[in-house]
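Here's the structure we're looking at; comments come further down.
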Amino acid sequence: MNFLLNKRARLAAIVVGSMVAGGALTGTALAVQGHMLNARGALYRANAQLQAAEPDKDGHRVEAMRLVGEAIQQVNAGLAAGAR
């Protein structure tokens, strides 16, 4: 019976250790993605502000919206790459 208790204790320790290690790795991955998600949100907000701005900026507003759109595409590509 003592053997069974030791076997169960070892199994429990392995399971708990695996959960802790997995949680640490998952937390790291989510933290990295979290920054990317925050950046994408900021870009969406910037794009909305540019769209709401007066259009007479000698083309700079339109170019800024184009560049923000490209940045959003790059962030989306980074998020997809990080999810693999």
Suppose the filter is among the polar types (S, T, N, Q), loosely packed, with under 12 Cβ neighbours inside 10 Å and at pLDDT below 95; does Asn38 pass it? no
Pair list, Cβ under 6 Å, 6 or more apart: segment 34-45 residue within 14 Å of Glu70 (Cβ to Cβ) and free of Cβ contacts under 8 Å to residues at least 40 places away in the same chain, other residue among the aromatic types (Phe, Trp, Tyr) and loosely packed, with under 11 Cβ neighbours inside 10 Å: none
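The values are calculated or read from the model by the stated rules, or taken from the named source; none is laboratory data. Keep in mind it's a predicted model, so treat the numbers as computed, not measured. Counting neighbours? That spans all protein chains shown, and the Cβs are built from the backbone with ideal geometry, glycine included.
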